[in-house]
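For reference, the structure is listed below as structure tokens.
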Amino acid sequence: QQKNECQIQRIDAVEPRQRVESEAGFTEFFDTNDQQFQCAGVEVIRHQIEPQGLLLPSYVNAPILFYVEQGKGFQGMTLPGCPETYEVSQQQFQGRKGGQSFQDRHQKIQEFRQGDVVAIPAGAAHWIYNNGQDDLVLIVLLDSTNFANQLDQNHRRFFLAGNPQQEQKQQQGRQQSPRGTRQQGQSLEAGSNNIFQGFDVDVLAEAFNVDRETAEMLRCEDDRRGHIVRVERGLKVVSPSMSREEQWQGQQGGRGRGQDN
Amino acid sequence: GFEETICSMKVRANIDDYTQADVYNPQAGHCNHLNSFKLPILRLLQLSAERGVLYRNAIMGPYWTMNAHNIIYVTKGNMRMQIVNDEGQAVFDDQIQERQLVVVPQNFAVVKQAGEQGCRWISFRTNDNAMINTLAGQTSAIRALPVDVLTNAYQIPREEAQKLKYSREETVMFSPGSFSSRGRA
């Protein structure tokens, strides 16, 4: 923090100053240049994700704490070294669904609903999906001055997919910032390209051991959907859904406790 | 009581011994990490180090370091490095030769590919327990994502998504593939 950032004479309640639209929702940004945010060393954004909307995988240089203001959904967080403990075996699935071949294995997925607070460590890749009927509204705090962030005090989002830079360019044509210039935090959040665009396609193909065409798809150069995309048929992941768990617990309760070990 | 505590602290460790490697792939290379678990004084310094060796044309990454900057100094050979910022721009895409140094800021994505002579480097990290997150390979972030997230994020068929997840079985250091061979030819 610089010397005078907390020499505040007056505090005003503020509203988001900027909005970036995507295919299945939008993100609003509070003015990061406002003295009260500078003093606290935090930034705040608000995601509104439509039903079947997916916030594309990304990671941020600051720890995140978000509050679920409305709706429900789930998030996946990938932590290095953690095993892919959510898995469905081919045989099980074939048994249930009559021989369709489907198999997947991934890291843990967390469900959340209105009133929940969710924490994401700095640098951990994460994605969020709205599996409810209503819009999912998240109030997100990014602690830019947290010791875990060794970059500057702006939060920087590194997207693993999509092409949010393209989305921003389109936005610039449609709307002007209230101040006539783009806010710093906004440009860093939604003005990012997918990081694979910075790598040579041949190197990517070799690293992933796939053909050039598949590696090219990682760059998402023609993607115009923005940072929140619509999953037309709904996202299918391996997850112990809340309803199934509650149903199971209900069944257990109905049998009484006689079967306990 | 200082002489019993900090004065007797171990301050030296060798990280050149490849028989003690933390990452080892006979086709690609090896890496020794020195963090505060191995040398506790590093917790006070909040620093750590990595000694890496990549064999001819082998690849390390893409990956990002979650909690530290990386200061990489090449001691032998050379490698091509690409460093990508949060805007998806390659802020570095060049060969690093012996005696050259590059700073990789925290969270910037990196890929290294050794040249014809292979490459050895020492990397200093600004966290006593620096952690990387890989994008390709067995413990990668891409592999940790559900197939359906990949198909929708990249707009690719399920088969392609599964290829992305499972085509690279190695973890951190990758042996040179057919593309390198074609490139050399």
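The values are calculated or read from the model by the stated rules, or taken from the named source; none is laboratory data. What you see is a predicted model, and the numbers here were worked out from it, not measured in a lab. No Cβ is skipped: glycine too gets one built from the backbone with ideal geometry, and neighbour counts run over all protein chains shown.
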Here are B:106, B:113, B:82: which of them is crowded, with 18+ Cβ neighbours inside 10 Å, within 8 Å of chain A (Cβ to nearest Cβ) and more than 20 Å from residue B:67 (Cα to Cα)? B:113
Residue B:151 versus (1) without any contact (Cβ under 8 Å) to a residue 12 or more places away in the chain; (2) more than 13 Å from chain A (Cβ to nearest Cβ): which is the lone unmet condition? (2)
Here are some conditions: (1) surrounded by 18 or more Cβ atoms within 10 Å (Cβ to Cβ); (2) modelled with pLDDT of 90 or more. Residue A:133 meets all but one. Which one does it not meet? (1)
How many of the residues in the range B:36-76 are among the hydrophobic types (A, V, I, L, M, F, W, C), within 16 Å of the chain's Cα centre (by Cα) and at pLDDT below 95? 6
Can you report the number of residues in the range A:193-226 which are in contact with a Gly (Cβ under 8 Å, 6 or more places away or on another chain), at the interface with chain B (Cβ under 7 Å from one of its Cβ atoms) and within 13 Å of residue B:89 (Cα to Cα)? 5
If residue B:67 passes every condition in (1) facing chain A (nearest Cβ under 8 Å); (2) surrounded by 24 or more Cβ atoms within 10 Å (Cβ to Cβ); (3) in contact (Cβ under 8 Å) with a residue 40 or more places away in the chain but one, which one does it miss? (2)
Looking at the range B:28-60, which of the residues that are under 22 Å from residue B:80 (Cα atoms) and of a type in the set (Val, Ile, Thr) is surrounded by the fewest Cβ atoms within 10 Å (Cβ to Cβ)? B:53
Subset tally (residues that are in contact with a helix residue (DSSP H, G or I) (Cβ under 8 Å, 6 or more places away or on another chain), more than 7 Å from every other protein chain (Cβ to nearest Cβ) and under 27 Å from residue B:74 (Cβ atoms)) for the range B:135-148: 2
Yes or no: residue A:11 of a type outside the set (Gly, Ala, Ser), farther than 29 Å from residue B:66 by Cβ and touching a residue at least 12 places away in the same chain (Cβ under 8 Å)? yes
Give the residues of the range B:92-103 that are more than 8 Å from chain A (Cβ to nearest Cβ) and of a type outside the set (Lys, Arg), sorted by residue number. B:92, B:94, B:95, B:96, B:97, B:98, B:100, B:101, B:102, B:103
Per the filter on the range B:26-49, residues touching a Ser or Thr at 6+ places or on another chain (Cβ under 7 Å) and within 20 Å of residue B:117 (Cβ to Cβ) are B:27, B:28
Residues in the range A:100-122: is at least one at the interface with chain B (Cβ under 10 Å from one of its Cβ atoms), at pLDDT 90 or above and under 16 Å from residue A:42 (Cα atoms)? yes
Checking residue A:138 against (1) more than 15 Å from residue A:25 (Cβ to Cβ); (2) more than 13 Å from every other protein chain (Cβ to nearest Cβ): exactly one of these is not met. Which one? (1)
Among helices (runs of 4 or more DSSP H) completely within the range A:183-251, the ones holding 2 or more residues that are modelled with pLDDT of 65 or more and of a type in the set (D, E, K, R) are A:201-208, A:212-217
Yes or no: the range B:158-180 includes at least one residue that is more than 16 Å from the chain's Cα centre (by Cα), within 27 Å of residue A:63 (Cα to Cα) and at the interface with chain A (Cβ under 9 Å from one of its Cβ atoms). yes
Residue selected from the range B:116-134 under the condition in contact with a Lys or Arg (Cβ under 9 Å, 6 or more places away or on another chain) and within 13 Å of chain A (Cβ to nearest Cβ), by the criterion surrounded by the fewest Cβ atoms within 10 Å (Cβ to Cβ): B:129
Determine which single condition residue B:159 fails, assuming it passes every other condition in (1) buried (at least 22 other Cβ atoms within 10 Å of the Cβ); (2) out of contact with any strand residue (DSSP E or B) (no Cβ under 9 Å at 6 or more places or on another chain). (1)
